[in-house]
Amino acid sequence: MTNPEIARKATNLRSYTDELKANHKIRLIANRNDFLMSAEDLGWIETTFDPSEVTLFEHGSHLGNLSQAAVQRSILGRSMA
């Protein structure tokens, strides 16, 4: 991709906020201390998605807690809903 504006829009979920708010099939599982997310990102997640669609673990950084049973249960439970 050579057009930076197209790449910026394609890689920024905020460009799709209205569509994401309307899609109740989305389930989001993340960690509050993920080094790839800012406090602003977390705020956007919390205002964009219904709380029933979001699970935020306090610790785990970026995918660092996938081996934990609680995280695995959350992933499996969400994917079967």
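The values are calculated or read from the model by the stated rules, or taken from the named source; none is laboratory data. This one's a predicted model, so the numbers in the text were calculated from it and none came from an experiment. Cβ: placed from backbone, ideal geometry, glycine included. Neighbour counts: every protein chain shown.
Elements of the type helices (runs of 4 or more DSSP H) sitting completely within the chain and holding at least 3 residues that are modelled with pLDDT of 95 or more and surrounded by 10 or more Cβ atoms within 10 Å (Cβ to Cβ): these cover 17-22, 39-48.
Scanning the range 50-61 for residues that are closer than 24 Å to N23 by Cβ and not hydroxyl-bearing (S, T, Y) returns D50, P51, E53, V54, L56, F57. For the range 44-60, the set of residues classified as under 13 Å from the mean Cα position of the chain (by Cα) and either in contact (Cβ under 8 Å) with a residue 12 or more places away in the chain or within 18 Å of T11 (Cα to Cα) (or both) consists of W44, I45, T48, F49, D50, E53, V54, T55, L56, F57, listed by residue number.
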